[in-house]
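Everything on this sheet refers to the single structure shown next.
The values are calculated or read from the model by the stated rules, or taken from the named source; none is laboratory data. Keep in mind that this is a model prediction, so the values were computed, not measured. In this analysis, Cβ positions are derived from the backbone assuming ideal geometry, glycine residues included, and neighbour counts consider all displayed protein chains.
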Amino acid sequence: MKDVYFPDIAVIDSIRNETGDVKTFTMRFKDPDIQENLSYRSGQFFEVSIFGVGEMPISITSTPSRKGFFELSVKNVGLVSGALHSMTPSTEVGIRGPFGNGFPYEEVLGKELLFVGGGIGLAPLRSLINNVLDNRDDFARITILYGSRTPGDLVFKDEFKIWENQPDVTMLVTVDRGDEEWTGNVGVVTTLFPKADIENENTVAFVCGPPVMIPFVIKDLLNLGFTDDTIISTLERHMKCGVGKCGHCCIGHKYVCMDGPVFSYREMKAMTE
Amino acid sequence: MSRYQEHLWMINGRDLFDLMEVFIKTREVIAPVRGHGGEVIFYPIESIEDVAWDWQYFNSVLPPKRFFLPQTEIMYEYRYDNGYKITPRYDDRVRMIFGIRPCDVNALIFLDRFFGGGSLSKKSPDEEPLFPDSHYIRRRANTFIIAFGCHQPGENCFCVCCDAGPFLEEDYDLQLTSMNGDYAVEVGSARGLKIIYGNEHFFRKASSSEVDELSRIKEDALNKFGDTCSYMSKAIRRITEGKVDDSLWEKLAERCLDCGGCSYVCPTCCCYNIVDISLDDKSGIRTRTWDSCAFSGFTRIAGGEILRSDKKDRLKRRFFHKLSYQYIEKNKRHGCVGCGRCITTCLADINMPLVVESIRKQKVIVQATKRVRHEAEI
């Protein structure tokens, strides 16, 4: 019987600074067989162990369509994320998972996709965006709307160009507050909606961002004609076990770690605390 | 009657004593013993002389769940020596739990299903185990259960309302019921039967009058609960449909002390935290400790936000988890076995029968009526 709490060892290959408090860690499992056989869905998460400090759930930001490594983007907000931030390449960490349901992929083949991200919320979306772009012919038009507080808080900046240069992709970025160098859009992410030519027909929206952003985005999407089933989002909880046992992530009768973290707006509306 | 029971067996009190001495030599025997304050607790025994017998107590102050889900357990050790080496810690001791009450056995069945993902459940053998918890399962699989049926409910007992007692129908190894100095022995599993046949000289087949006597004892025990009960079904329906007015939880929150005692004494509460402890700069342990949804920090997320910061939401959560139909469907029973320990423990008088009665009457009951009176002095 596999011990669901037993972490496998992964090694940090490289570390990229995204912002002042976000780093992207490229890792691979120490055991080549485990890395070889790694299979995950965009939207799933790993439980990351820093031995002696603890464990934290982190969404996988790399795409399953690219093999041989995986990436985690982590904001330095607490004990374990702080410890990870202090690490250097070739350090070992523990990894359990992947856990959770992940984004619908097969279900949205052939459709237009709208991604709405805020801050570090782009991390799980990036996995799906790259997955979709690696299989570009399987999907219709793609729109990516992304906002952060300041230009310094934008993550994955290097990839924006790559994304918008793909065929039939619209990419718009905004910040709440600009600075001297910023010449782009200013305003919350919903202010990008009128600038993008959004069709609700045959389109599915994926929304990830800080809790304060989500209700505003959903309200605007509903006004644009999206339905409870065509709005997909994720919920944040501190899943301690990842396997539906510890109880920390329960909302109503749903376990965010097993039934989520990806939910349709219809599912989210039906949840009672 | 259990399908393993060919006959009702009997064992003499003295022989049971001797049989237990045999068991103590070959495995860890956990039994009810009297603590220094006079309360009964489950503890590993070295001699059968230490046991508090079934007629000397109603139930232990704490459920025996800690022998399967310890308050703190080491899940594994890590050591750094040119790379991390992780060694899991499993508890594969061969154990026997003697004198466990039917409510607590039903709680274990609940936990088996929850941690086993269905693998230990006899009621749903076709269920695929989903993320089975090997730490729990290994402890549980090596533990033989000798339960004591209850002649006499304690003053806070309401197992009868929860389909969890006062006697077991299945899911035990052996069930003993005292009867005029002897014990009636019911067999509930293949390994229970093996114990009988392996120690046959201690047992005899019950006479037909003894079989009748056991039925009479069981019927009498049910009658002793009286007609005041904790009527669960209305509470289950209202909680499931979200029809319980929030004012109930607000009123209860005014007196809840946030102590988590209800969860700790509850035989089915099993939420936990995972905590690392470093022993030196190269090694340490990963532990699992009991946690409770009553604690405000239970839903803290990265950045410090607490999602159920309001005490009323935490109370609502706990009773939703115990009683909502969605959980009943998942766990094949509601999350209460009627042991009454929350009644005994809660300093603020918030407990299952009180909440059920408050929902039923749609007003906050200050103190639930005592359901059962002692009919006989013990």
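Numbers below:
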{"quantity": "Which listed residue is buried (at least 24 other Cβ atoms within 10 Å of the Cβ), more than 13 Å from chain B (Cβ to nearest Cβ) and not β-branched (Val, Ile, Thr), from A:Gly260, A:Gly225", "calculated": "A:Gly260"}
{"quantity": "Test: A:Met56 is crowded, with 18+ Cβ neighbours inside 10 Å and of a type in the set (A, V, I, L, M)", "calculated": "yes"}
{"quantity": "Residues that are within 8 Å of chain A (Cβ to nearest Cβ), touching a helix residue (DSSP H, G or I) at 6+ places or on another chain (Cβ under 9 Å) and in a loop (DSSP other than H, G, I, E, B), drawn from segment B:288-304", "calculated": "B:Asp291, B:Cys293, B:Ala302"}
{"quantity": "Unmet requirement for B:Tyr327, which otherwise passes all of (1) without any contact (Cβ under 8 Å) to a residue 24 or more places away in the chain; (2) facing chain A (nearest Cβ under 9 Å); (3) part of a loop (DSSP other than H, G, I, E, B)", "calculated": "(3)"}
{"quantity": "Any chance A:Tyr255 is more than 14 Å from chain B (Cβ to nearest Cβ), buried (at least 19 other Cβ atoms within 10 Å of the Cβ) and of a type outside the set (Val, Ile, Thr)", "calculated": "no"}
{"quantity": "A:Pro64 being buried (at least 21 other Cβ atoms within 10 Å of the Cβ) and part of a loop (DSSP other than H, G, I, E, B)", "calculated": "yes"}
{"quantity": "Sole exception among (1) surrounded by 20 or more Cβ atoms within 10 Å (Cβ to Cβ); (2) touching a strand residue (DSSP E or B) at 6+ places or on another chain (Cβ under 9 Å); (3) at pLDDT 95 or above for B:Thr287, by number", "calculated": "(1)"}
{"quantity": "Only one of B:Val356, B:Val364 that is modelled with pLDDT under 90, among the hydrophobic types (A, V, I, L, M, F, W, C) and closer than 17 Å to B:Lys243 by Cβ", "calculated": "B:Val364"}
{"quantity": "Set B:Gly242, B:Gly340, B:Gly335, B:Gly260: member being more than 9 Å from chain A (Cβ to nearest Cβ) and either surrounded by fewer than 19 Cβ atoms within 10 Å (Cβ to Cβ) or farther than 15 Å from B:Val355 by Cα (or both)", "calculated": "B:Gly260"}
{"quantity": "Unique match (being in the same structural domain as A:Val175 (by TED's automatic domain parsing) and either out of contact with any Ser or Thr (no Cβ under 7 Å at 6 or more places or on another chain) or modelled with pLDDT of 95 or more (or both)) among A:Leu72, A:Leu84, A:Leu79, A:Leu133", "calculated": "A:Leu133"}
{"quantity": "Considering residues of segment A:28-47 that are under 20 Å from the mean Cα position of the chain (by Cα) and not in a loop (DSSP other than H, G, I, E, B) only, the residue nearest to the other protein chains (Cβ to nearest Cβ)", "calculated": "A:Glu47"}
{"quantity": "Any chance A:Gly52 is within 11 Å of chain B (Cβ to nearest Cβ) and not β-branched (Val, Ile, Thr)", "calculated": "yes"}
{"quantity": "Residue match in segment A:77-95 (condition: touching a Cys at 6+ places or on another chain (Cβ under 8 Å), at positive phi and within 14 Å of chain B (Cβ to nearest Cβ))", "calculated": "no"}
{"quantity": "Filter pass, B:Ser189 being assigned by TED's automatic domain parsing to the domain that holds B:Thr345, surrounded by 18 or more Cβ atoms within 10 Å (Cβ to Cβ), polar (S, T, N, Q) and under 27 Å from B:Arg140 (Cα atoms)", "calculated": "no"}
{"quantity": "Segment B:48-64, subset of a type in the set (Phe, Trp, Tyr) and in a loop (DSSP other than H, G, I, E, B), residue surrounded by the most Cβ atoms within 10 Å (Cβ to Cβ)", "calculated": "B:Tyr57"}
{"quantity": "Subset of segment B:169-183 (residues that are surrounded by fewer than 23 Cβ atoms within 10 Å (Cβ to Cβ) and among the aliphatic types (A, V, I, L, M))", "calculated": "B:Leu176, B:Met179"}
{"quantity": "Those residues of segment A:1-27 which are charged (D, E, K, R) and within 14 Å of chain B (Cβ to nearest Cβ), in sequence order", "calculated": "A:Lys2, A:Asp3, A:Asp8, A:Asp21"}
{"quantity": "Among the candidates A:Asp197, A:Asp220, residue that is more than 14 Å from chain B (Cβ to nearest Cβ), in a loop (DSSP other than H, G, I, E, B) and in contact (Cβ under 8 Å) with a residue 12 or more places away in the chain", "calculated": "A:Asp197"}
{"quantity": "Meets criteria (in a helix (DSSP H, G or I) and either within 14 Å of chain A (Cβ to nearest Cβ) or of a type in the set (Gly, Ala, Ser) (or both)) for B:Ile277", "calculated": "no"}
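Here's the yes/no breakdown for (1) within 14 Å of another protein chain (Cβ to nearest Cβ); (2) surrounded by fewer than 22 Cβ atoms within 10 Å (Cβ to Cβ); (3) under 30 Å from B:Asn273 (Cβ atoms); (4) acidic (Asp, Glu):
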| site | (1), (2), (3), (4) |
| --- | --- |
| A:Pro210 | yes, yes, yes, no |
| A:Phe216 | no, yes, no, no |
| A:His248 | yes, no, yes, no |
| A:Glu267 | yes, yes, yes, yes |
